[in-house]
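Chemist: Supplied in structure tokens, the structure appears directly below.
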Amino acid sequence: MNQAARQLLQKTFRLQDFRPGQQQVIESLLAGRSALAVFPTGGGKSLCYQLPALMLDGLTLVVSPLIALMKDQVDQLNALNIPAARLDSSVEADELKAIYQGLEQGSIKLLYVAPERLANERFLARLKRLSISMMAVDEAHCVSEWGHNFRPDYLKLAQLARELGVGRVLALTATATPQVAEQIRDSFDIAQDDHVQTGFFRPNLAIHIHPTVPADRDEALFRQLSSQPAGPAIVYVTLQKTAEAVAAFLKRKGMKALAYHAGLKDETRHQAQEAFMSGAVDIVVATIAFGMGIDKSDIRAIYHYNLPKSLENYMQEIGRAGRDGQPSRCTLLASLDDLTVLENFSFGDTPDEEALAGLIHWLLGQTEQFDLSVYELSGQFDVRPLVINTLLTYLELEGIIKATAPFYTEYKVGFLTAQDQLLAQFDHDRAEFLRALFACGKQGRTWLTLKPIEAARELQADRLRILNALGYLEQQGMVELRVAGVRQGFRMVNLPGDSQGLIARLQSQFQLREQRDIDRLQQVADWAQQDGCLQQALVGYFGETLTQPCGQCSVCLGERVPMPPRQMGQPDLSIIDRLKKEEHAALSSPRQLARFLCGITSPRASRARLGRHPAFASLIEMPFADVLARCQQAGS
């Protein structure tokens, strides 16, 4: 490692030495090669790109789906006088303008963005004008369909890196199985020698499995919390309503606990997070929405009130404990009854065969150049937006369509400089073009509304010229822009000769993904019931060999208790007939009705504001296949 890097480590980052694996990754990047870093949660992945970013000419682009992580890291970097910025939905207009100016001037070294931001045509146009020395891809397992958290946006990152002329890519993850790591390396052209893995075994984490029946789970959790030394703890649950109920139970027992889930208002979630970070609250009862990017080193315990969705999720969640190296406890209150709800959610992500076929026929019926709104299609076919984005990605990989560029259909222009003064700053031809452009819009009390496609047609001009002109005016501080109506442009490349064969193939792909999710749940159940060392089996799943039993998990300590058999409840099925008589259009098909009763949201039900209906999730503890069969019988 060169002396300059070590000086940066000590003087700028105020660290004495590198952690395991960091030096090897940084050396690969400084040599101009892409790399994959598979480090445990809290293992120091961020430094692997933050330090070389200061040694490389140009910008380092950090792609992360975690807004909380982006905010925390940018704040920490700025506190160290490192010029970093983030672009997300919370950034105000004035701050956005300052960031864009910093990018143009080259004064920002690290820019954090969500993957969705890279579908913004104006933003991509800005990036193409910059020198990007490195792209860091956080949560890189999202690129893999074999992974536990596949995101279609990630499949496009490798191609985007090539289009932007990125010097090297650093892929980062804490949860890659050997199969997932191979797919990440293939996607980003990473050599095997530049795959650095530091090991999944955390000797300071003691893993305990406590089989529990649901009726006793609250008291079992309270006993566990009461019997252990005080310290910050996270209790993970599956459902939002469970988070509320368990937090309320613990407060009644005199414990400082708060709920945290995606259904809470932003301000409430932020207050809960701040209270936990500051120590004002000891316990957060949370869905998996909590903990992503939370940098709190002294978390002493992680409790899983419900089974996790996968061993990858479990490894990531327990990795938030004991980052300070001190002993910490990870306890799973295991009940096989949880499998029903978790399996139902997996079934909910698989689109109806009729809806999928209708959506594909619609896509294949478009002209050579077409555009679409995922939001509109989601409502039209009652298919979740993530499923539509995944389908579009599959069609791109099949060579049937090609994404051209996303664009906004509407721009609202607020003049910060009076129009006459603004036009006076340009030569005659440019001023006349802008004058004509403004005349195409509709002037409201405050904002001029422009539709670039219509303006381009009226002016017989290139739409990109219009967008560039508006972007330049914004950059110069002459106007403020607001956008609406995002649509994705596509080009039809190669219509399939056999559309029915394509539909069958894609349906099979979605069903295969569903089965993988179900298999992951069974892997969790099998792991929790096994006879051997829990740590050995867990790290073995990730391709690591632990030569000796850990000596401190519940199995090693001889505390293994048989798991109670899975119980099936006897819910009130008359709710099906009662709900059918209400004749909700969003619940007209048996599958729509079954999803709703199993607590699975859908676009049409959400837009019909049925989420607060008393029947929603009333059969959540009944297997989806059984509920669907009953709904089909009721409809016949």
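Chemist: For residues that are outside any loop (DSSP other than H, G, I, E, B), modelled with pLDDT of 90 or more and among the basic types (Lys, Arg), scanning just the range 251-273, find the one that is nearest to the chain's Cα centre (by Cα).
Modeler: Applying the filter and picking the extreme gives Lys251.
Chemist: List the pairs whose first member sits in the range 271-289 and is more than 13 Å from Pro232 (Cα to Cα), whose second member is hydroxyl-bearing (Ser, Thr, Tyr) and outside any strand (DSSP E or B), and whose Cβ atoms are under 8 Å apart, counting only residues at least 6 apart or on separate chains?
Modeler: Close Cβ pairs satisfying both conditions: Thr287/Thr238.
Chemist: On to the next question. For a quick check of your reading: which helices (runs of 4 or more DSSP H) sit entirely within the range 536-636 and have at least 2 residues that are surrounded by fewer than 20 Cβ atoms within 10 Å (Cβ to Cβ)?
Modeler: 574-581, 603-607, 624-635
Chemist: A further question follows. If Val63 satisfies all but one of (1) among the aliphatic types (A, V, I, L, M); (2) under 27 Å from the mean Cα position of the chain (by Cα); (3) over 26 Å from Ala321 (Cα atoms), what's the number of the condition it fails?
Modeler: Looking at each condition in turn, Val63 falls short on (3).
Chemist: Which one is nearest to the chain's Cα centre (by Cα) among residues in the range 438-480 that are in a helix (DSSP H, G or I) and of a type in the set (Gly, Ala, Ser)?
Modeler: Among residues in the range 438-480 that are in a helix (DSSP H, G or I) and of a type in the set (Gly, Ala, Ser), the one nearest to the chain's Cα centre (by Cα) is Gly471.
Chemist: For Asn494, all conditions in the list (1) within 23 Å of Glu95 (Cβ to Cβ); (2) part of a loop (DSSP other than H, G, I, E, B); (3) not hydrophobic (A, V, I, L, M, F, W, C) hold save one; what is the number of the exception?
Modeler: With (1) within 23 Å of Glu95 (Cβ to Cβ); (2) part of a loop (DSSP other than H, G, I, E, B); (3) not hydrophobic (A, V, I, L, M, F, W, C) applied to Asn494, the lone miss is (1).
Chemist: Still on this structure, I have one more. What tally of residues in the range 295-333 results from selecting those that are aromatic (Phe, Trp, Tyr) and not in a helix (DSSP H, G or I)?
Modeler: The number of residues fulfilling the criteria is 2.
Chemist: If you check Phe347, Phe370, which single one turns out to be surrounded by 16 or more Cβ atoms within 10 Å (Cβ to Cβ), closer than 28 Å to Ala456 by Cα and in contact with a Phe, Trp or Tyr (Cβ under 7 Å, 6 or more places away or on another chain)?
Modeler: Phe370
The values are calculated or read from the model by the stated rules, or taken from the named source; none is laboratory data. Because the structure is predicted, anything quoted here is derived from the model rather than measured. Here Cβ is always computed from backbone atoms with ideal geometry, including for glycine, and neighbour counts include all displayed protein chains.
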